[in-house]
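I have placed the structure first, in the form of structure tokens, so that the comments after it can refer back to it.
The values are calculated or read from the model by the stated rules, or taken from the named source; none is laboratory data. In this text, all values refer to a predicted model and were calculated from it rather than measured experimentally. Cβ placement follows ideal geometry from the backbone for every residue including glycine, while neighbour counts extend to all protein chains displayed.
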Amino acid sequence: MAKTIQEINEKIKKGKAVVYTAEEIIDVVKKKGVKKAAAEVDLVTTGTFAPMCSSGAYFNPGHANPRIKLGGGQVTLNDVPVYTGFAAVDFLVGATAIPDDDPRNKIYPGKFPYGGGHLIEDLVAGKDVRLVARAYGTDCYPRRKLETWIRLEDMNEAVLFNTRNAYQNYNVAVNLSDRIIHTYMGVLHPELRNATYCSAGQLSPLLNDPFYRTIGVGTRIFLGGGIGYVVERGTQHNPSVPRTEQGVPRMGAGTLALMGDLKQMSNRWLRGASFVGYGVTLAVGIGIPIPILDEETLRFTTVTDADIVAQVVDYSEAYPKCVPGSLGEVSYAQLKSGSVTVNGKEIPTAGLSSYARAREVAGILKDWVETGSFLLSEPVAPLPSADSGVQFKPLNERPIVNNNKVAVN
């Protein structure tokens, strides 16, 4: 019999909800079958912890005396430039922002850049950070310079706002060229000497709800160690992709835009990360509950690493030309075994996503539900699904004509 989110919440409040992680539910259904398990189980928790570049935070540190107009001025935090195109004392920190003199282009041992992701981690860890501001001065905001130490607890508002997180599947990256290449998928050695991937596989949130039947705008989630919400589909949301018979996308598909109160969060679940020769990012811990409303929602949560396939892509040539699966596809069970075979060659694999941390996130969320400290929320709007016609489109480059000269930006 079908359940509702309200009914499940009542069971959570009474301490009677039956909850499993997405890893545990696989064996439960094997033993009990889908029909019996769907009647008994109320909730399945998922988790992921991985680099998510489209992350950031916005802040309001309050007004100085005399007042200064940070909006439109030049502001850095720990030398990381922040975006100030808002009101007088609102600014935005992007996870990939890097100081102008950063060694990201100097590919030497030990040259790991510090950027926005590390800055967010330091703030969440309670550290002081150095704010330096230069403004043009106005009648109402006369001050032109400001240098001070600030910390998260002193901020009026501090909100994590991530425009693209929790990718639903992703590429497996390899390098067919004769030189080392440095990418957001890590260092790729020449002539198929390694492969990297980035997904929690069977624990990953959107792989357990492949058609977004329970995840939508307003869904309450675990975000960075605190409580957050799905606020929209993420950028590059691309649900109309080829799928397996079980509905699992064979390549990168859906994404989520997320937000939450940064002051609730932990630096265990928000960690700055450096990629030599590429730049910086933020590793984010995300956990999403899947209410078991019927047999179909349960069946989707029983997906295993053997059921999930990813496209192998050559990042030295094919990736810039957007050719997914140019070298075939492999399962996450194969990837997690430590090696895969590509072009007849066995090569070692390494994951950028931590499965151990993903398991921990799912476990924490399970504990929150079982102790009654986390209730489900009804989505107020659905996410575009596979039949919506929504597709990610490449940039349509058009020449800019100026004084009979053509330039393509």
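Remarks
Here's the yes/no breakdown for (1) outside any loop (DSSP other than H, G, I, E, B); (2) at pLDDT below 95; (3) buried (at least 20 other Cβ atoms within 10 Å of the Cβ):
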{"site": "ASP27", "(1), (2), (3)": "yes, no, no"}
{"site": "ALA38", "(1), (2), (3)": "yes, no, yes"}
{"site": "ASN65", "(1), (2), (3)": "no, no, no"}
{"site": "VAL89", "(1), (2), (3)": "no, no, yes"}
{"site": "TYR108", "(1), (2), (3)": "no, yes, no"}
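- The set of residues in the range 378-409 that are in a strand (DSSP E or B) and modelled with pLDDT of 90 or more comprises ALA381, PRO382.
- Enumeration of residues in the range 253-268 that are part of a loop (DSSP other than H, G, I, E, B) and surrounded by fewer than 21 Cβ atoms within 10 Å (Cβ to Cβ): SER266, ASN267, ARG268
- The listed residue being touching a Cys at 6+ places or on another chain (Cβ under 9 Å) and either small (Gly, Ala, Ser) or without any contact (Cβ under 8 Å) to a residue 40 or more places away in the chain (or both), out of ALA22, ALA17, ALA50: ALA50
- Meets criteria (assigned to a helix (DSSP H, G or I), surrounded by 16 or more Cβ atoms within 10 Å (Cβ to Cβ), at negative phi and in contact with a Phe, Trp or Tyr (Cβ under 8 Å, 6 or more places away or on another chain)) for VAL75: no
- Selection of the range 370-384 for residues being in contact with a Pro (Cβ under 7 Å, 6 or more places away or on another chain) and crowded, with 18+ Cβ neighbours inside 10 Å yields only LEU376.
- So THR46, is it crowded, with 23+ Cβ neighbours inside 10 Å and among the hydroxyl-bearing types (Ser, Thr, Tyr): yes
- Test: GLY228 is surrounded by fewer than 17 Cβ atoms within 10 Å (Cβ to Cβ), farther than 18 Å from ILE292 by Cβ and of a type in the set (Gly, Ala, Ser): no
- Residue identified as charged (D, E, K, R) and over 27 Å from SER274 (Cβ atoms) among ARG151, ARG179, ARG213: ARG213
- Positions within the range 152-210 being in contact with a strand residue (DSSP E or B) (Cβ under 7 Å, 6 or more places away or on another chain), within 16 Å of GLN334 (Cβ to Cβ) and not in a loop (DSSP other than H, G, I, E, B), in sequence order: VAL172, ALA173, VAL174, ALA195, THR196, TYR197
- Residue, nearest to ALA50 (Cα to Cα), within the range 345-378, restricted to residues that are without any contact (Cβ under 8 Å) to a residue 24 or more places away in the chain and among the acidic types (Asp, Glu): ASP367
- Top-ranked residue of the range 112-148 - restricted to ones that are part of a loop (DSSP other than H, G, I, E, B) and within 25 Å of the chain's Cα centre (by Cα), ranked as farthest from TYR278 (Cα to Cα): GLY126
- Annotation note: of ALA358, ALA306, the sole residue that is surrounded by 22 or more Cβ atoms within 10 Å (Cβ to Cβ) and assigned to a helix (DSSP H, G or I) is ALA358.
- Residue within the range 333-348 that is at pLDDT 95 or above, in contact with a Pro (Cβ under 9 Å, 6 or more places away or on another chain) and surrounded by fewer than 18 Cβ atoms within 10 Å (Cβ to Cβ) present: yes
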